Amino acid sequence: MIELEGLTKHYGDKVAVDHLTFTVRPGIITGFLGPNGAGKSTTMRMMLDLDNPTSGTVRIDGKHYRQLEDPLTYIGALLEAKAVHGGRSAANHLLCLAQSNGIPRGRVGEVLEMVGLSSVARKRAKGFSLGMGQRLGIAAALLGDPQVLLFDEPVNGLDPEGIHWIRNLMKHLAAQGRTVFVSSHLMSEMALTADHLVVIGQGRLMADTSMKDFIHQNSRSYVRMRSPEQQKLLDVLRAEGIHAAAAGGGALEIDGVPAERLGELAAAHHLTLHELSPQQASLEEAFMRLTAGSVEYHAHNGEPVPVPTTAVPAAPQPAGARPGEPQPTGWGTDWQRKRS
């Protein structure tokens, strides 16, 4: 379990994290969401004592990270997959971590097999692709067989098979009763993975709720109906005091009435329906709606950037150059470490 209480971090006049209080519980996958600059990475770094909070506390199973003996056996983390000495092989990188935390040498081969890197165990990490680097980072997080796991953008660089694998791995870890905390900007993947959501904006807590409740509370739900007898359908709905709004393609949209009741009304009046479909916003739509006022960095949505009115002199070109020419330039282990 991870417990945050009043966690705050200032960088000069900038408030990166503002009195965050929430609990990450075992047995479920908790998603950590927020716009760029919201304070997610800073929060996760403070969980691991990589940054000192200005005020507030973080506890891992009741202790501060710095109080944990052999911390990799308590909490595993993937924050920056490329934080590896490029001259070391994958196996030696993991072996150094294992020896520093009292983890048996044999565990290195187990986690390499688990993440699919056994065939490149002796290759230097500097030659790894982004996806291979992610797998090595995940292997390091799993090395101590910890009960608490933190993943920051775990699917970054993975191919479809790898994304499917890490999703199922996290679900399996949570099903074992472990605490799984994952941050990602990939909303479609988070919707398939997380059970609970913690959302922050500009360093402040905006939501701490289940995935289902988050979408319900931050989006519009309605039922879409379409019938070749639209006027008769409208008359039936009006007689029941139900408001229907016209939509594209001859459809009607009804808020606040269950699809079951609408279907029963149509059947009772012998109306033919070509469509009766409950509509629910996606996680992305709900997230965008909640965080619209806390986005720090805005793009221009394809609009042209204004050109300065003052002419900018052209850069000098080498002798003989012509204008316009290019210029030279599978989770599972029998090993369980006994903790004191």
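The values are calculated or read from the model by the stated rules, or taken from the named source; none is laboratory data. Everything numeric here is computed off the predicted structure, so don't read it as measured data. Every residue, glycine as well, gets a Cβ built from its backbone with ideal geometry; the counts of neighbours run over all protein chains shown.
Structure data summary
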read-out: Hits in the stretch 39-54 (condition: touching a strand residue (DSSP E or B) at 6+ places or on another chain (Cβ under 7 Å), of a type outside the set (A, V, I, L, M) and in a loop (DSSP other than H, G, I, E, B)); value: 39, 51, 53, 54
read-out: Checking residue 29 against (1) at pLDDT 95 or above; (2) under 10 Å from residue 203 (Cα atoms), the condition it does not meet; value: (2)
read-out: The stretch 121-152, residues that are under 19 Å from residue 2 (Cα atoms) and crowded, with 19+ Cβ neighbours inside 10 Å; value: 141, 142, 144, 146, 147, 148, 149, 150, 151, 152
read-out: Single match in 257, 180 (criterion: within 30 Å of residue 22 (Cα to Cα) and under 35 Å from the mean Cα position of the chain (by Cα)); value: 180
read-out: Residue in the stretch 223-242 that is more than 16 Å from the chain's Cα centre (by Cα) and closer than 21 Å to residue 38 by Cβ present; value: no
read-out: Pair list, Cβ < 7 Å and 6+ apart or interchain, from the stretch 93-117 residues that are on the phi < 0 side of the Ramachandran plot to residues that are surrounded by 13 or more Cβ atoms within 10 Å (Cβ to Cβ) and aromatic (Phe, Trp, Tyr); value: 114/331
read-out: Scan of the stretch 20-35 for residues that are small (Gly, Ala, Ser) and part of a loop (DSSP other than H, G, I, E, B), ordered by number; value: 27, 34
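Yes/no matrix, rows are residues, columns are (1) in a strand (DSSP E or B); (2) crowded, with 16+ Cβ neighbours inside 10 Å; (3) at positive phi:
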site	(1), (2), (3)
9	yes, yes, no
18	yes, yes, no
37	no, yes, yes
56	yes, yes, yes
